[in-house]
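Peer 1: Structure in C-alpha cells, see below.
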Amino acid sequence: MPQAAFAETTADRAQPGGTATMHMRCSFADQTFTVSLEDNPSARELAAMLPLDLGIEDYSTNEKIAYLPRKLTEESGGPFSNEAPGDLCYYAPWGNLAFFHGGYKYSSGLIRLGRLDDGPRPLLKRGKFSLRIEQLTPA
C-alpha cells in the first residue's frame with residue numbers, strides 16, 4: 001500500500017523537499033499525543049502495522065517501552081545524533097518501541113522512528129497501561 005495511505009499529508013506538515021510527514025496518535029490512560037514519524041523504512045513499516053493495541057510500561061528512569069507483535073526492518077539503523085526527550089525509537093535487539101521522556105544517548109540497535117509533536121510530557125504518567133496507536137487521517 002502506498003505511504004500516503006498511512007500519512008497525514010497536509011501541505012503545512014510536509015517535510016523539506018516535498019515529502020509528506022506520517023503522523024500517528026497514541027493513547028494510554030488519560031494521555032493522548034501525536035507523533036511525527038521519520039521518513040525511513042522502519043517508520044513506514046510501523047505505520048503499515050497500524051492500528052495497534054499494545055501494553056506500555058516504564059523502563060529505567062527515562063523511557064516507556066511497548067513491544068510490537070513482530071520485529072521491524074533494521075534497514076534504517078545506524079548512529080544518529082541530537083537525541084532528545086520526546087524521541088520515539090525502535091530497539092531492534094528486543095523488538096520494542098522506546099518512548100523517551102528523559103535524556104538518553106544513542107546506543108547500538110536504536111533506530112529513530114519519530115518525535116512526539118508536543119514534547120514528552122504525556123510520558124511522565126508512571127505505570128503499566130494499555131496503549132492504542134493509530135494512524136491520523138487527512139483532514
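The values are calculated or read from the model by the stated rules, or taken from the named source; none is laboratory data. Quick caveat: nothing in here was measured; it's all calculated off a predicted structure. Neighbour counts run over all protein chains shown; Cβ positions are idealised from the backbone, glycine included. Ligands, DNA and RNA are stripped out before the accessible areas are found, and what is left, the full protein with its side chains, is counted by its heavy atoms. Shrake-Rupley method; radii C 1.70, N 1.55, O 1.52, S 1.80 Å.
Peer 1: Within the range 64-93, can you find the residues that are touching an Asp or Glu at 6+ places or on another chain (Cβ under 6 Å) and surrounded by fewer than 18 Cβ atoms within 10 Å (Cβ to Cβ)?
Peer 2: T73
Peer 1: Return the total of residues in the range 23-58 being assigned to a helix (DSSP H, G or I) and not polar (S, T, N, Q).
Peer 2: Selection size over the range 23-58: 8.
Peer 1: In this structure, is D39 within 21 Å of I111 (Cβ to Cβ) and either at pLDDT 90 or above or among the hydroxyl-bearing types (S, T, Y) (or both)?
Peer 2: Yes.
Peer 1: So which pairs qualify, if the first residue must be in the range 122-139 and open to solvent by 90 Å² or more (accessible area, probe 1.4 Å), the second must be at pLDDT below 95, the Cβ gap must be under 9 Å, and the two must be at least 6 apart or on different chains?
Peer 2: From residues that are open to solvent by 90 Å² or more (accessible area, probe 1.4 Å), the pairs are T137/E8; A139/E8; A139/T10.
Peer 1: Moving on to the next point. Starting from the range 58-82, take each residue that is among the aliphatic types (A, V, I, L, M) and list its partners that are open to solvent by 40 Å² or more (accessible area, probe 1.4 Å), counting only C-beta distances under 6 angstrom and pairs at least six apart or across chains.
Peer 2: Final answer for the pair search is I65/Y59; L72/E45.
Peer 1: While we're looking at this one, here's another question. Tell me, yes or no, whether the range 9-25 has at least one residue that is within 24 Å of G127 (Cα to Cα) and modelled with pLDDT of 95 or more.
Peer 2: There is at least one residue in the range 9-25 that is within 24 Å of G127 (Cα to Cα) and modelled with pLDDT of 95 or more.
Peer 1: Given the conditions (1) open to solvent by less than 30 Å² (accessible area, probe 1.4 Å); (2) of a type in the set (S, T, Y); (3) not in a helix (DSSP H, G or I), which single one is not true for T61?
Peer 2: With respect to (1) open to solvent by less than 30 Å² (accessible area, probe 1.4 Å); (2) of a type in the set (S, T, Y); (3) not in a helix (DSSP H, G or I), T61 is out only on (1).
Peer 1: On to the next question. Report, ordered by the first and then the second residue, all pairs with beta carbons closer than 9 Å, sequence separation of six or more or different chains, a first member in the range 23-38 that is without any contact (Cβ under 8 Å) to a residue 40 or more places away in the chain, and a second member that is part of a loop (DSSP other than H, G, I, E, B).
Peer 2: Correct list of pairs: empty, since none qualify.
Peer 1: Which members of the range 71-101 meet the condition of being of a type in the set (D, E, K, R) and out of contact with any helix residue (DSSP H, G or I) (no Cβ under 8 Å at 6 or more places or on another chain)?
Peer 2: K71, E83, D87 - these are the residues of the range 71-101 that are of a type in the set (D, E, K, R) and out of contact with any helix residue (DSSP H, G or I) (no Cβ under 8 Å at 6 or more places or on another chain).
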